[in-house]
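The values are calculated or read from the model by the stated rules, or taken from the named source; none is laboratory data. Note that the coordinates shown come from a computational prediction; the quantities given were computed from them, not determined experimentally. No Cβ is skipped: glycine too gets one built from the backbone with ideal geometry, and neighbour counts run over all protein chains shown.
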Amino acid sequence: MARDFLVIWVVTILRISLGQDAAMSPHYPTDVEDTMRRFFDSLPERERRHYAAVEAAKLGRGGTSYLAHILGCDEKTIRRGKREQIAVSDLPSERSRKKGVDGNR
């Protein structure tokens with residue numbers, strides 16, 4: 001028991017000294033970050049929030065602040081996107097395209 005505590009303590013001290021205090025902070029390669037940023041910038045406002053919220057959820061702890069930095073948006077924007085996703089009833093239920101005229105398909 002004391003040995004386990006010592007191991008955890010040493011690993012924690014090493015992470016802090018190496019700048020890894022967020023328990024393996026999320027990080028994408030630079031080219032992926034650039035692609036994410038271009039895609040984010042191409043979306044309308046509401047879809048931006050939802051995209052950022054999904055990406056932050058995938059990353060877990062620390063994802064919101066990391067993505068806010070990468071995407072150039074406020075953390076509040078990402079949190080709002082998370083709230084909007086929880087409120088599923090607010091999403092439009094109509095079709096995104098009109099139903100085809102040809103009924104033989």
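Annotations for the structure displayed:
- Residue, farthest from Asp31 (Cα to Cα), within segment 43-78, restricted to residues that are among the charged types (D, E, K, R) and crowded, with 20+ Cβ neighbours inside 10 Å: Arg49
- Residues in segment 74-94 that are within 18 Å of the chain's Cα centre (by Cα) and of a type in the set (Asp, Glu) were compared, and the one that is modelled with the lowest pLDDT is Glu84.
- Pairs with Cβ under 8 Å, 6+ apart, first in segment 59-72 and within 16 Å of Thr35 (Cβ to Cβ), second in a helix (DSSP H, G or I) and among the acidic types (Asp, Glu): Leu67/Glu55; Ile70/Glu33
- Contacts under 9 angstrom Cβ, first residue in segment 21-34 being at pLDDT 60 or above, partner assigned to a loop (DSSP other than H, G, I, E, B), 6 or more apart: Pro26/Gly60; Pro26/Arg61; Pro26/Gly62; Glu33/His27
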